Amino acid sequence: MGMLATLITGLASGETIAALRRARTAAMVYLLAGIVALCGVGFLIGAAYIWTAIRYGSQVAALSFGAGFLVAAGLILVVYKIAEGSRLRRRAERRKADVTAVGVTAALAVMPTLLKGKSGLGVILGSAAALAAYALYRQTTRPGGPDGGGPR
């Protein structure tokens with residue numbers, strides 16, 4: 001039995017090491033390809049600049065390329081800010097759902113213990129009343145509530 005465990009462990013660790021080597025090699029190849037691609041893009045931008053400088057003059061080419069890159073940077077930032085807002089909303093919704101799930105799970109786990117004691121039903125009814133009151137409070141004080149107003 002011990003020999004079988006040794007064989008399985010060796011196979012598993014050998015596979016793990018091989019997978020790590022393949023991942024490292026792939027990462028190096030992709031990094032090198034990315035660097036070469038950036039060099040190619042740089043030469044294409046240089047060629048476009050030279051063509052524009054010959055056709056329209058070096059000052060117009062420099063101003064045009066500078067303005068173009070500034071506009072591109074601004075667009076990237078605007079798109080990022082828009083995407084960041086939606087990511088924050090999704091993260092807040094997920095956090096709210098997680099907190100609700102934890103609360104429900106905790107309540108269900110404590111329920112049998114509460115029902116065993118004499119005062120358990122009172123605790124459950126009191127907690128339910130408090131939750132209902134809180135939900136009613138949240139509904140009436142919500143800034144975007146049914147009437148669009150805040151607290152009355």
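Annotations for the structure displayed:
- For the stretch 123-136, the candidate set comprises residues that are over 17 Å from Ala109 (Cα atoms) and surrounded by 11 or more Cβ atoms within 10 Å (Cβ to Cβ); within that set, the residue that is nearest to the chain's Cα centre (by Cα) is Leu131.
- Taken across the stretch 62-69, residues that are more than 27 Å from the chain's Cα centre (by Cα), loosely packed, with under 10 Cβ neighbours inside 10 Å and over 26 Å from Ser127 (Cβ atoms) do not occur at all.
- The set of residues from the stretch 44-61 being out of contact with any helix residue (DSSP H, G or I) (no Cβ under 7 Å at 6 or more places or on another chain), surrounded by 10 or more Cβ atoms within 10 Å (Cβ to Cβ) and part of a helix (DSSP H, G or I) comprises Leu44, Ile45, Gly46, Ala47, Ala48, Ile50, Trp51, Ile54, Tyr56, Ser58, Val60.
Every read-out reported here was derived from the displayed coordinates using simple, explicitly stated rules and does not represent laboratory data. Every value quoted in this text rests on a predicted model; they were computed, and no experiment measured them. Here Cβ is always computed from backbone atoms with ideal geometry, including for glycine, and neighbour counts include all displayed protein chains.
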